[in-house]
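Worksheet: one structure, shown below.
Since every read-out is calculated from the coordinates, none of them should be taken as a lab result. Nothing here was measured: the structure is a model prediction, and the numbers come from that model. Because the Cβ atoms are built from the backbone with ideal geometry, glycine has one as well, and the counts that use them run over all protein chains shown.
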Amino acid sequence: MLRYDSSSSSAGSSSGSLSSSSSSSKPPQQDIDGLLAGAGYKVRSSELRQVAQRLERLETAMGNSPADFSQLASDAILYNPSDLACWVDSLLTEFAGPPPTCSSDFIVDPVNNQTVVNSAWTAAEPHTPQVHQNITYEEQQSLDNQLTVVTAMEEDSGIRLVHMLMTCAECVQSGDLSLATSLIDDMQGLLTHVNTVCGIGKVAGHFIDALRRRIFQGMGGGSVNGGSAFENEILYHHFYEACPYLKFAHFTANQAILEAFDGHDCVHVVDFNLMHGLQWPALIQALALRPGGPPLLRLTGIGPPSPDGRDSLREIGLRLAELARSVNVRFAFRGVAASRLEDVKPWMLQVNPKEAVAVNSIMQLHRLLGSEQTRNSPIDTVLSWIRGLNPKIMTVVEQEANHNQPGFLDRFTEALYYYSTMFDSLEACRVQPEKALAEIYIQREIGNVVSCEGSARVERHEPLAKWRRRLSGAGFRALHLGSNAFKQASMLLTLFSAEGYSVEENEGCLSLGWHSSPLIAASAWQAVPARDNHMSSS
Amino acid sequence: MKRRTPDSQATVSDHKLKKIKEEDEEPEDTKSGLMNLDENLLYEVFKHVDARTLARASCVSRLWRQTAKDERLWELICTRHWANIGCGTQQLRSVVLPLGGFRQLHSGYIWTLSKPQAPSVSNWSPPKILNSKPSARWGKDEVNLCLSLLSIQFYEKMNNRGR
């Protein structure tokens with residue numbers, strides 16, 4: 001079952017206002033609202049006087065009719081205590097009839113005590129009261145209270161959205177496309193009742209889009225990941241800036257590589273996805289400060305070919321070379337352009353047998369997993385040539401998710417949980433346009449997981465446990481990431497991120513997550529020496 | 001006589017102040033003794049203050065600003081509380097200066113990292129604020145993290161210039 005913690009996101013987003021209001025002696029109006037929101041209450045300070053009056057009425061009403069208490073227990077969903085105004089109103093109607101300004105939506109039929117209100121919410125039309133007297137319904141007042149109605153509706157609608165998404169995914173799996181299509185329309189309608197700026201509404205919107213694409217455009221879905229390499233790099237860069245996942249990946253991998261390179265004078269790093277090369281300045285700097293001086297560093301960056309005659313790999317290489325030159329590190333760069341990782345052959349990397357090799361894969365290995373588990377699938381081929389290079393270390397960072405199951409519904413459920421957690425964590429980011437572009441980056445991933453199949457579906461994430469089995473089976477042995485890496489990751493979080501992120505250590509591997517749900521996992525591996533007579537230079 | 005002194009948190013010892021007073025050629029002048037200091041003497045005084053004082057001192061006058069910007073002063077401030085990170089001074093300089101300098105290293109990262117943080121992270125207690133009484137010593141890890149961040153910032157700036 002999807003666990004959606006809306007209060008955590010609101011708490012996170014209002015923590016900024018909390019810290020700013022603490023500096024003034026008397027918090028102004030808006031800050032009180034912020035404080036209330038931070039405590040989890042969806043009520044405006046302007047409403048508080050009304051709430052107080054109604055609480056007084058409620059007190060007298062409760063005193064007068066003790067017998068009605070038991071009925072409160074059965075209608076739990078009516079009462080959303082965080083929305084103080086509506087909660088008090090709805091309780092009042094139980095006992096004393098509606099307060100004069102209450103909207104009809106909250107009238108409960110006390111005769112048979114049905115959840116009449118629920119159907120009123122979904123139909124979103126006023127419901128005429130059955131029993132009560134002294135009720136006046138002014139259009140303006142009911143409109144006013146529509147606003148307070150909406151906030152209470154949100155949480156309920158959010159849960160309904162999730163249910164509908166699951167049902168729709170089930171229909172897609174079983175092939176019932178007509179029902180799936182009508183569900184999509186219903187969900188689209190429900191989206192209007194939900195806040196789509198943050199929380200469940202936002203991520204649900206992306207999943208609805210992805211489902212729609214799957215149903216209507218077939219499963220080629222090439223358009224989802226069809227963004228140009230240049231676009232992808234920009235989105236990736238903003239994802240790097242907006243949240244700590246990639247920084248964590250880079251810093252953890254660098255720490256492991258640095259330790260593995262200790263004592264070697266010629267070192268060679270193979271980066272499976274160079275992008276803007278943001279991982280490498282820190283390694284170059286750390287090598288420059290090595291006691292005894294830096295080694296000769298070679299970097300081979302793999303990336304997609306760039307159109308229009310631009311050589312983006314070379315440009316990045318030049319910049320890194322310039323940085324290396326500034327800090328007196330002997331540096332050589334080589335770019336390997338390949339649209340798929342499985343097209344890379346080891347001879348392209350030109351590894352020198354005397355050098356210490358580090359292979360760095362940040363969220364690339366999962367792209368090699370096909371849906372069919374054949375003998376010589378791309379992952380096996382690549383892992384075996386990596387092993388042939390005899391690297392001192394292979395750093396692997398992967399999404400900690402199970403998005404490669406054969407059953408669509410299972411995959412969908414996992415993805416819904418995973419990406420809503422990730423979107424929750426992104427709420428803490430305050431910088432634009434980084435945040436918006438990071439969301440598009442994640443949105444593309446969602447699109448690929450949900451609406452693509454076959455060779456088009458490249459986001460085949462598997463959890464760490466599976467990678468452990470796979471890599472051990474391919475002749476690799478796990479290296480423990482030391483306590484330095486853990487400490488560095490924790491420090492990184494304090495510098496960059498809001499509260500809510502957590503680093504965990506798990507049998508020598510580190511994972512970063514949001515509120516104890518790990519979202520990304522880093523591990524380090526070494527090739528077990530082969531038993532044949534290839535001389536391994538250690 | 002008006003005397004403008006740096007922030008009260010300064011570690012400028014009384015001994016130093018007395019020395020300056022003695023060297024003051026014109027005690028009846030409205031300019032205070034400290035304002036009359038030449039660069040070299042100012043530099044010597046600044047060598048003993050903490051980061052906060054030095055930063056504030058650079059707001060006093062152009063001369064003070066010029067002197068307080070000196071990389072050697074900020075190098076002193078940065079390295080004062082560092083545990084031995086394994087490399088020599090020269091080696092450290094040859095890396096930090098091209099990547100932006102010690103002043104930037106401090107204002108960008110060391111200052112932020114040394115502020116008391118919310119207790120959101122387990123297994124690590126942040127060092128106390130770097131003040132005139134050096135109570136916390138920074139470990140290798142904190143230092144290396146700040147240096148790494150400096151290098152990334154330098155690289156990103158380089159990229160932005162190149163576009």
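Using modelled amide H (1.01 Å from N, peptide plane; none on Pro or chain starts), what sits under 5 Å from the amide H of A:Leu479, excluding residues fewer than 5 places away?
Counting only residues 5 or more places away or on other chains, the set is A:Ala524, A:Trp525, A:Gln526.
Taking the radius of gyration and the Kirkwood hydrodynamic radius from Cα positions alone, what is the Rg/Rh ratio for the stretch A:351-507, to two decimal places?
0.99
Order by neighbour count: B:Ile110, A:Ile208, fewest other Cβ atoms within 10 Å first, most last. Mind showing how you got there, number by number?
Values: B:Ile110 25, A:Ile208 22.
Ascending number of Cβ neighbours within 10 Å: A:Ile208, B:Ile110.
Once you have the Cα-Cα distance between A:Glu59 and A:Asn328, take 0.36 nm times their residue separation minus that, and quote the gain in nm to one decimal.
89.1 nm
Could you tally the net charge around A:Val382, taking each other residue with its Cβ under 13 Å from the Cβ of A:Val382, Lys/Arg +1 and Asp/Glu -1?
Neighbourhood net charge equals +2.
Neighbouring Cβ atoms within 10 Å as the yardstick, rank A:Asp265, A:Asp424, A:Asp33 fewest first. Don't jump to the answer; show the numbers that get you there.
Working: A:Asp265 13, A:Asp424 24, A:Asp33 18.
So the residues, fewest neighbours to most, are A:Asp265, A:Asp33, A:Asp424.
By what distance, in whole Å, do the Cα atoms of the stretch A:296-345 stretch along each of the three principal axes, largest value first?
34, 25, 9
Over 20 Å between Cα atoms: which of B:Lys69/B:Lys115; A:Lys202/A:Lys466; B:Lys47/B:Lys69; A:Lys345/A:Lys466; A:Lys202/A:Lys435 fall into that group?
Pairs exceeding the cut-off: B:Lys69/B:Lys115; A:Lys202/A:Lys466; A:Lys345/A:Lys466.
List A:Phe216, B:Phe154 from most exposed to least, where exposure is judged by having the fewest other Cβ atoms within 10 Å.
Fewest-to-most Cβ neighbours within 10 Å comes out as A:Phe216, B:Phe154.
If r is the Cβ-Cβ distance from A:Asp410 to A:Ser483 and R0 is 30 Å, what FRET efficiency results, to the nearest 0.05?
So the FRET efficiency works out to roughly 0.25.
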